[in-house]
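S.K.: Structure incoming, see below.
The values are calculated or read from the model by the stated rules, or taken from the named source; none is laboratory data. In this text the structure is predicted, and so the values were computed from the model without any measurement. We place every Cβ from the backbone using ideal geometry, glycine too, and count neighbours over all the protein chains shown. Side chains included, ligands, DNA and RNA excluded: accessible areas come from the protein's heavy atoms. Shrake-Rupley method; radii C 1.70, N 1.55, O 1.52, S 1.80 Å.
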Amino acid sequence: MTTVFAPELEKAPGSNGSPGRPFHMLSLRVARLWGACADRAVPWVTGVFAVVPIAVLVAITVVLFHEALPAIRINGIGFLTRSRWDVGSGYGIPIKVHGVEMAPHTSYGAWPLILGTLESSALALVIAVPISVGAAIIVVEKLPPRLSRWAGICLEVLVGIPSVIYGLWGILTLGPFLSKHLAGIADHVPDVPVLRFFRGPTYGAEGLLVSGVVLGIMIIPIIASTSRDLIRQVPSSAKEGARALGMTDFEVVRKVIWPWTRSGIVGASVLGLGRALGETMAVAMTSGAVLGTTAHSIFSHMNTIAATIVSQLDSAFADGTGFEVKVLAELGLVLIVITLLCNFGAKLLLKRFGASAIAPAAMGN
Amino acid sequence: MVERGRSETRMYRAFGSKLAAVSVAGIAVIAAACSSSKSPSTTAASKQATTTTAASAATSLSSLESYLPSTSKVSLTETGSSLMYPMFNIWVPQFTKQWGNYQITTASTGSGTGISSAANGTAQIGASDAYLSTSQTTANPGLMDIPIVISAQMVNYNIPGLSSSTNLKLTGAVVSKIYQGKITNWNDPAITALNPGVTIPSHVIVPLHRSDGSGDTFLFTTLLTDTDPSGWGASIGENTSVTWPNVPGALAENGNGGMVSGCKVTPGCIAYIGISYLSQTQGVLGEAQIQNKSGNFELPTPAAIAAEAASFASSTPASGAISLIYGPASDGYPIINYEYTIVNKQQSSATVAQGIKSFLAWCLDSRYGATSANLSQVGFQPLPPSAISVAVNLLSKIG
Amino acid sequence: MTLVAATPHEKGVNRARTAGDTIMWLVCGLALAALVLPIIWIIGQVIARAIPHFRWSFLTQPTIGNGGGLSQAVLGTLVLMAMVGVIAGVTGVGAGIYLAEYARRRSAILLRGATEVLAGVPSIIVGYVGFTALAIGLKWKFSIWAAAIALTAIVIPYIAKTTELALRGVPGSFREGAEALGMRDILILRRISLRAASSGIITGLIMALAISVGETAPLLYTAFWSVHNPTFGLHNSPVGYLTYPIWTFYNYPVKSATYLATESAFFLVILVGALIIASRLVSRRLSRYMPLGQG
């Protein structure tokens, strides 16, 4: 280990490694001066880079707010609860409300989109959390290192698969598969409250269920990698002690590992939720993309905020008054607020375990 | 240098003289329309004009200079209507093969995007099935909608147990009720009454609509508004995107391509699809006969489209903006439209302006772009001569 | 296990307890299978759809309308990846170094918080802002630089985070030893800390590139699409890239178009797979600079 940096010490700074070169006083002085400058410059330069994320964040917020402000003023708080999404009659004479121009009888309500976003993400969590935690337990506690390394690669692959490919798989493969195999079951679900949500025609390949499952798979790496790291952090002494007391594996998991990692796993799940809320392409391809309606069953077509922005933004620019674009900016702000609330929730829960518990995989696209 | 200049001139002239036929035809049409007030119809007059002016094409070469293809490198982006996309995909390779200095990217995004991209300058040519609205022209005074071909819209369906070669008869009012969720089954009396002798299986109807801002949606909802003014017209109206009534199972699809693919895999679906996708729907999806204003049920055949187009030829305004839906022709198909290219009058440079003009003039020319071989591939019809003159006039404003 | 002979009742309890074990491992095994299965299913599908129609001309020919090949899109994706690698790499690693080595407590909380918030901003929002601010606001139109900046904004937090974590993973003894020997700060950073953390940093960088090549939403409105090889003008330089054909052509009812979608997916999977393998190789090669158990 020491051999790693021992040779480096023999060189003067800046001489860039040709050990045979003789030392001159001048070059040493230049080198020292350079070193001193660099010592001071590096914190400055890297500090500038460190400010970039803040600058980008501020720029995004400012642009979004600037765009959204007229829409916020017009739509008011009712934007969050209204359901109707009507871009108005684009061929009518534009009207002015409080100085903002828009097409006649426009009405924008985000409720179905907010609900669709939350529903699909909740479904994703229901799928991803048990899979992630179960897999993390077996990977840490049971698998030999070689296999657990493969599991790690699997998580990287899940992070690396582009979201359009998830969407492609969802719409071409998973969707038809689910609708075919669940159609028989869905017809026989009793028509009572709660269960009613799982009843009804499965339609085609698109809908809430497909979006939820695809999202669930996409957020597995976030929850699984964090869970795995948390379970690894459980002191082996605690586990060994428990086993010495005669606990079975199941009891060790329930009485030692679970209490130890619980709030961290909840935090990671909320972080995964944040990712699911903002996912765009996979949902845009698998949701059915209907506007203005809420899902009445798990098979219903629906839409989310992010998917709506991507599918409506370009046609929104065709609104000559420019109002629809501003509404989409407002929608974006709503999404950011929901995502931020999630991330802060996750941070609070993870705080007890230190920031390093959040695996980098948690920060994928 | 001299050599090169000369050969370029020759190139220009060859192309120019051919284009001259188009443009002069257009100018002659205007002249004919003004002078021969006694002629039975402008259509007849313009037909006459087209045939007679080809010979005198050389007379106004100077006014055509601006349509000559540029020799410097021109990079254009076309985006918008998915209905026009197959057409541009035929035109662009032919054009760029002949004029290698042109780079043209085509994209199928939707008419809404076509209009907005031309407005904000991200694309030079926007394609749209819908003309510009008042708010759009107010917001972007430089924007023009230049008619380029005649298109039609099919109403397709996929009913298990009904052969796709059976052309159901539908009226705009019935289709309107389907999209409002008031008719939910294919064997609804309202549909069977229109189709005596056809056994329509019982199946839930799944209405498909476009998720993107779409000229097709505009055409379709215009028909529904015109045929069901108190129902659809009063509550929803026509636009490139509308608030679709909440019908269980209703699906939104992206682009005409999405409509075709979506309808193929959705039993019981009904969809409105541009005629340029005919080769993809034929034999797979059923195609409805739609009732026109005179009460006749028509399929979008070339003859029915041409008949409908002819009935509007004289009323096309200089701006090009006119709805051709539900027209007066007794043997016409009721959902046809001008396909527009949306172009900004002010282009970033003279080269780009010249590039756009020459490309669009090439597209309009019945010897180059608008050959029957090209148009028939996508089911389009050439513009009537009077509309060509409108288009040529608009083209001349690009600078 | 039990030293005292078990009563029949205790035996029953023990059986129930071991049965609990079996069930738990079964459930966990199923969970692991449920994690692995979609990967095989997804990638298997991508390959199964792509192979039957694969031609080498997909790599040599540009897209023509909705047919032809994908050469310009492959090139565009690689060029964008390189641009992001340089811009986001320098910025992100720099930010990570600052956060790990120089930031004071309070500013670190602020900067780290901003980085994490930026990581949580949905990519379509970045696309929206890129379009309204850069393409329209600054009149860049569709531009390769707008695309690279949008992608950079998305991956910077990831790179900064992995860099910071990697640097913090360097044992304090490394630094202390070097300091005791009188090495300058800059040298400690260059020769000790960065070298020891290089495995983590480069792995993170490569994974960030893998994420960036898979992005679609921010590119639709900044890079748009082009059938020509990328150009580097600030203004009006749309780029083709591999995620576009998937989103645009996957349900286009023309065979040549769906082939573009399936082959794009295939190329993307290969590219991402290559990046993941590269990151693994790099991490294995470079982790020798770290003491055991830290690589």
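S.K.: For the range C:263-278, just list the computed ³J(HN,Hα) in residue order, Karplus coefficients 6.51, -1.76 and 1.60, θ = phi - 60°, integers in Hz, with x standing in for Gly and Pro.
M.R.: So the Karplus estimates, Gly and Pro as x, are 5, 4, 4, 4, 4, 5, 4, 4, 4, 5, x, 4, 5, 5, 4, 4 Hz.
S.K.: Right, next: For chain C, what does the accessible surface come to per residue with a 1.4 Å probe? Please give it in Å².
M.R.: I get 40 Å² per residue for chain C.
S.K.: Another question about this same structure. Given H placed 1.01 Å from N in the peptide plane, which residues other than close sequence neighbours of B:VAL149 have an amide H under 5 Å from its amide H?
M.R.: Long-range HN contacts for B:VAL149: B:GLU339.
S.K.: Which whole-number percent is the relative contact order of the range B:204-317 (Cα, under 8 Å, 6+ apart)?
M.R.: Value for the range B:204-317: 27 percent.
S.K.: Let me ask you something else. Taking amide H positions as placed in the peptide plane 1.01 Å from N, state which residues far from B:GLN347 in sequence (5 or more) or on other chains have amide H under 5 Å from it.
M.R.: B:GLY399
S.K.: For the pair C:LEU138/A:LEU341, report the inter-label distance in nm, with labels modelled 7 Å from Cα in the Cβ direction.
M.R.: Result: 3.4 nm between the two label points.
S.K.: Using only alpha carbons, build the gyration tensor for chain A and give me the equivalent ellipsoid semi-axes, biggest first, whole Å.
M.R.: 46, 35, 18
S.K.: What is the gain in length, in nm to one decimal, between A:LYS180 and A:ARG40 on full extension, counting 0.36 nm per residue of separation less the C-alpha to C-alpha distance?
M.R.: Roughly 43.8 nm would be gained on extension.
S.K.: Over chain C, what lengths in whole Å, largest first, do the semi-axes of the equivalent ellipsoid take, defined as the square roots of 5 times the eigenvalues of the alpha-carbon gyration tensor?
M.R.: 41, 33, 18
S.K.: Just want the answer: with Cβ charges of +1 for Lys and Arg and -1 for Asp and Glu, which residue in B:GLY126, B:GLY197, B:THR351 is farthest toward the dipole's positive end in the protein assembly as shown?
M.R.: Highest projection toward the positive end goes to B:THR351.
S.K.: Report the local net charge at B:ILE159: Lys and Arg +1, Asp and Glu -1, summed over other residues whose C-beta lies under 13 Å from its C-beta.
M.R.: -1
S.K.: Please give the peptides A:205-217, B:281-293, B:92-104 ranked by average Cβ packing (other Cβ atoms within 10 Å per residue), highest first, as a rough proxy for protection.
M.R.: Descending packing order for the listed peptides: A:205-217, B:281-293, B:92-104.
S.K.: Additional query: Computed FRET efficiency, Cβ-Cβ of B:SER349 and C:ASN229, R0 35 Å: what is it to the nearest 0.05?
M.R.: 0.95
S.K.: Using a Gaussian network model of chain A with C-alpha springs under 10 Å, which one of A:SER236, A:SER269, A:SER163 is most mobile by mean-square fluctuation?
M.R.: Fluctuation is largest for A:SER236.
S.K.: Using a 1.4 Å probe on protein heavy atoms only, how many Å² of accessible area do B and A hide from each other, summed over both chains and rounded to 100?
M.R.: Its buried surface, counting both partners, is about 2300 Å².
S.K.: Just name one of A:ILE185, A:VAL139, A:THR321: the one whose Cα is farthest towards the positive end of the charge dipole of chain A (beta-carbon charges, Lys/Arg +1, Asp/Glu -1).
M.R.: Checking the options against the dipole of chain A, the answer is A:VAL139.
S.K.: So if each residue of separation counts as 0.36 nm, and I subtract the Cα-Cα distance between C:ILE23 and C:ALA180, what length gain in nm does that give?
M.R.: That pair, C:ILE23 and C:ALA180, stretches by 51.0 nm at full extension.
S.K.: With the solvent-accessible surface defined on protein heavy atoms using a 1.4 Å probe, which residues belonging to the range C:45-77 display a reduction of at least 40 Å² in accessible area in the multichain context relative to the isolated chain?
M.R.: Residues losing area: C:ARG49, C:GLY65.
S.K.: Using a Gaussian network model of chain C whose springs link C-alpha atoms within less than 10 Å, name the residue from C:LEU32, C:LEU275, C:LEU219 with the highest mean-square fluctuation.
M.R.: C:LEU32
S.K.: Once fully extended, how much extra length lies between C:GLN61 and C:ARG104, figured as 0.36 nm per residue of separation less the alpha-carbon to alpha-carbon distance?
M.R.: Here the segment from C:GLN61 to C:ARG104 would lengthen by 10.1 nm.
S.K.: Using 1/(1 + (r/R0)^6) with R0 = 56 angstrom and r between the beta carbons of B:SER165 and A:TRP150, what's the FRET efficiency to the nearest 0.05?
M.R.: It comes out at approximately 0.55.
S.K.: Nearest 0.05, what FRET efficiency do C:VAL86 and A:ALA122 give at R0 = 35 Å with Cβ-Cβ as r?
M.R.: About 0.30, to the nearest 0.05.
S.K.: Compute for chains B and C the buried accessible surface, both sides summed, probe 1.4 Å, and express it in Å² to the nearest 100.
M.R.: Buried: approximately 1800 Å² between C and B.
S.K.: Using only C-alpha positions, report the orientation-averaged shadow area of the convex hull of the range A:149-285, nm², one decimal.
M.R.: 11.1 nm²
S.K.: Which whole-number percentage describes the relative contact order of the range A:111-364, with Cα contacts under 8 Å and a sequence gap of 6 or more?
M.R.: Computed value for the range A:111-364: 30 percent relative contact order.
S.K.: Can you give the average number of partner chain beta-carbon atoms within 10 Å of each beta-carbon in peptide B:221-231, as a whole number?
M.R.: Shielding by partners across B:221-231 averages 0.
S.K.: Considering only the protein assembly as shown, what is the antiparallel percent among its DSSP beta bridges, to the nearest 5?
M.R.: Around 65 percent antiparallel, to the nearest 5.
S.K.: So with the 1.4 Å probe, I'd like the accessible area per residue for the range A:218-262, rounded to whole Å².
M.R.: Result: 43 Å² of accessible area for each residue.
S.K.: Amide H of B:GLN289 versus every other amide H placed in the peptide plane: which residues, excluding those fewer than 5 positions away on the same chain, fall under 5 Å?
M.R.: Here the answer is B:LEU168, B:LYS169, B:LEU170, since their amide H atoms fall under 5 Å of that of B:GLN289.
S.K.: Rounded to whole Hz and in sequence order, give me ³J(HN,Hα) for the range B:151-162 from the Karplus expression 6.51 cos²θ - 1.76 cosθ + 1.60, θ = phi - 60°, writing x for Gly and Pro.
M.R.: Calculated HN-Hα couplings, in order: 10, 9, 10, 8, 10, 10, 8, 9, 10, x, x, 10 Hz.
S.K.: When all alpha-carbon pairs of the range A:56-173 are counted, what percent fall beyond 21 Å?
M.R.: 65 percent
S.K.: Mind checking which of A:PHE65, A:VAL45, A:GLY78 is farthest towards the positive end of the range A:28-102's charge dipole, using Cβ charges of +1 (Lys, Arg) and -1 (Asp, Glu) about the Cα centre?
M.R.: A:VAL45
S.K.: When Cβ neighbours within 10 Å are restricted to other protein chains, what is their mean count per residue of peptide C:273-286?
M.R.: 1
S.K.: Using a Cα-Cα cut-off of under 25 Å, which lysines could be cross-linked to B:LYS177, ignoring same-chain neighbours fewer than 8 residues away?
M.R.: Cα-Cα hits under 25 Å: B:LYS169, B:LYS264, B:LYS293.
S.K.: Additional query: Give me the accessible area buried between chains A and C, both sides summed, with a 1.4 Å probe, in Å² rounded to the nearest 100.
M.R.: 8500 Å²
S.K.: Hey, any idea what Rg/Rh is for the range B:153-305, computing Rh the Kirkwood way over Cα pairs?
M.R.: My calculation of the ratio gives 0.92.
S.K.: Roll a 1.4 angstrom probe over the protein heavy atoms and tell me the percent of accessible area of the range B:153-305 that is carbon or sulfur.
M.R.: The value for the range B:153-305 is 52 percent carbon and sulfur by accessible area.
S.K.: Enumerate the calculated ³J(HN,Hα) couplings along the range B:129-136 in order (Karplus 6.51 cos²θ - 1.76 cosθ + 1.60, θ = phi - 60°), each rounded to whole Hz, writing x wherever the residue is Gly or Pro.
M.R.: The phi angles translate into 8, 10, 7, 6, 8, 4, 5, 5 Hz.
S.K.: May I pose another question? Cα convex hull of the range A:201-276: mean projected area in nm², to one decimal?
M.R.: Averaged projected area of the range A:201-276's Cα convex hull equals 6.6 nm².
S.K.: Could you run the Debye sum over the Cα atoms of the range B:101-205, one equal point scatterer each and no solvent, and tell me log10 of I(q)/I(0) at q = 0.13, 0.14, 0.24 Å⁻¹, two decimals?
M.R.: Cα-only, vacuum Debye calculation for the range B:101-205: -0.70, -0.74, -1.26.
S.K.: Can I ask one more? Given a 1.4 Å probe, show me the residues in the range C:175-192 buried by at least 20 Å² of accessible surface when comparing the whole protein assembly to the chain alone.
M.R.: SASA drop of 20 Å² or more in the range C:175-192: C:LEU181, C:MET183, C:ARG184, C:ASP185, C:ILE186, C:LEU187, C:ARG190, C:ARG191, C:ILE192.
S.K.: Distance in nm between label sites at A:VAL194 and C:LYS255, each 7 Å beyond Cα in the beta-carbon direction?
M.R.: 5.2 nm
S.K.: Going by a 1.4 Å probe on protein heavy atoms, which residues of the range B:96-119 end up with at least 20 Å² less accessible surface in the whole assembly than in their chain alone?
M.R.: Relative to the lone chain, where solvent access is computed with a 1.4 Å probe, the range B:96-119 loses at least 20 Å² at B:GLN103, B:THR105, B:THR106, B:ALA107, B:SER108, B:THR109, B:GLY112, B:THR113, B:SER116.
S.K.: For chain A, set up a Gaussian network in which alpha carbons nearer than 10 Å are linked by springs, and say which option among A:CYS37, A:CYS342, A:CYS154 fluctuates the most.
M.R.: A:CYS37
S.K.: Compute the signed sum of charges (Lys and Arg +1, Asp and Glu -1) over the other residues within less than 14 Å, Cβ to Cβ, of C:GLY68.
M.R.: That sum, taken over residues with Cβ under 14 Å, equals +2.
S.K.: Wrap a convex hull around the Cα atoms of the protein assembly as shown, take a quarter of its surface area, and give that in square nanometres.
M.R.: Directional mean of the projected Cα hull area for the protein assembly as shown stands at 52.5 nm².
S.K.: What does the structure give for A:286-293 when I average, per residue, the other chain Cβ atoms found within 10 Å of the residue Cβ?
M.R.: Per residue, the average neighbour count from other chains is 6.
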